[in-house]
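Trainee: Take a look at this one; I'll ask things after.
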Amino acid sequence: MKCHAPLSLVLAGMKSRLPGHLPYFYFMPGNKWLGFLQKYKYELLLFALIQHLYVGIILTDLSLYARTIWPLNMVVLGIASVGIFIEKARLKNISFHLFSLLVFVLPLFVPQLRNPDKYVMWLSAVYFLYFGFIFVEILRFLIRPGYLNRDIISAAACGYLLVIEINVFILQFLFYQNPSCLNNVHTGGPAVTYMDIVYFCTIIQTTIGFGDITPAAHYTKLLSSLFGVIGQFYSVVLVGILISKFSSKQNS
């Protein structure tokens with residue numbers, strides 16, 4: 001007669017034999033997709049952020065962007081972010097899922113509105129909170145003691161793009177309140193306005209500064225200056241973190 005070990009002991013044994021970065025549920029039936037999302041969480045998030053910010057490079061139909069691409073972008077971002085919140089506290093998981101639902105559902109109404117400016121303004125506030133929420137988790141991971149690896153590099157790049165995302169939605173919120181606060185931003189629809197502000201925030205953070213879009217109000221001038229300082233500070237601190245982790249690995 002065979003004696004079967006209790007399931008809890010089997011799972012405990014599986015967990016002890018797995019690599020440290022993979023939880024035991026990765027190998028449980030029906031949960032491999034969660035394991036995939038966790039294993040490649042930073043790479044997936046990096047891809048999602050790049051396509052969310054810069055998908056306009058390959059788009060010619062901006063009305064299609066507002067109707068279809070925008071909501072789909074948020075679905076991709078929501079799925080790509082799942083791995084970051086796996087095994088987090090219950091309240092944090094609930095908050096993330098509520099945010100993800102909001103950022104997916106709310107853009108669906110934009111094409112139906114005759115004058116979506118006020119709606120997009122408050123939608124920008126929701127996006128600011130959503131990306132800020134993810135950014136905090138990325139920072140916590142980066143400053144945690146550890147060695148330089150693929151996850152650290154990908155998370156560092158995610159953090160850089162998340163700073164741009166946060167800046168974009170702060171400025172977009174202000175622009176829809178007062179369109180004269182930025183010069184030369186197109187107002188032909190939410191898609192073209194968003195892409196102009198993404199462009200403006202990117203050239204601020206990278207310190208390129210072409211000067212074709214400029215802040216006009218005192219508060220957007222100061223905010224643009226602050227965004228530049230934050231972008232440079234993040235880059236400097238990030239280099240220090242990466243060097244520290246690389247040195248730790250070399251000395252171990």
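Quick note: the coordinates plus some simple rules give every number you see, no bench work behind them. Every value quoted in this text rests on a predicted model; they were computed, and no experiment measured them. Positions of Cβ are generated from backbone atoms using ideal geometry, with glycine treated the same way; all protein chains shown enter the neighbour counts.
Trainee: Using r as the Cβ-Cβ distance of residue 230 and residue 143, and R0 as 22 Å, what FRET efficiency do you calculate, to the nearest 0.05? Before the final figure, lay out each step's value.
Mentor: Values: r = 16 Å, r/R0 = 0.74.
Efficiency, rounded to the nearest 0.05: 0.85.
Trainee: Hand me the tally of lysine pairs in the range 30-251: alpha carbons under 23 angstrom apart, and the pair either on different chains or 8 or more positions apart.
Mentor: Value for the range 30-251: 12.
Trainee: Which of 190, 116, 71 moves the most in a Gaussian network model of the chain with Cα springs under 10 Å?
Mentor: Answer for the Gaussian network model of the chain: 116.
Trainee: Further question: Any idea what Rg and Dmax come out to for the chain if you just take the C-alpha atoms, in Å?
Mentor: 21.1, 82
Trainee: Under 1.5 on a/c is rounded, so check that first for the range 93-141, then, if it is not, pick prolate when a/b is larger than b/c and oblate when it is not; a ≥ b ≥ c are the square roots of the alpha carbon gyration tensor eigenvalues.
Mentor: prolate
Trainee: Non-local amide H neighbours of residue 183 (under 5 Å, H modeled in plane, Pro and chain starts lacking H): which ones?
Mentor: 214, 216
Trainee: How far apart, in nm, are two points set 7 Å out from the Cα along the Cα-to-Cβ line at residue 125 and at residue 222?
Mentor: Computed distance between label sites residue 125 and residue 222 equals 2.0 nm.
Trainee: Also, I was wondering about something else. Which helices, counted as full DSSP H runs in the chain, have an axial Cα extent of no less than 27 Å and a Kyte-Doolittle average of 0.0 or above? Let's see the in-between values first.
Mentor: Working: long enough: 117-143 (38 Å, 1.39); 150-177 (41 Å, 1.31); 218-251 (50 Å, 0.68).
Both cut-offs are met by 117-143, 150-177, 218-251.
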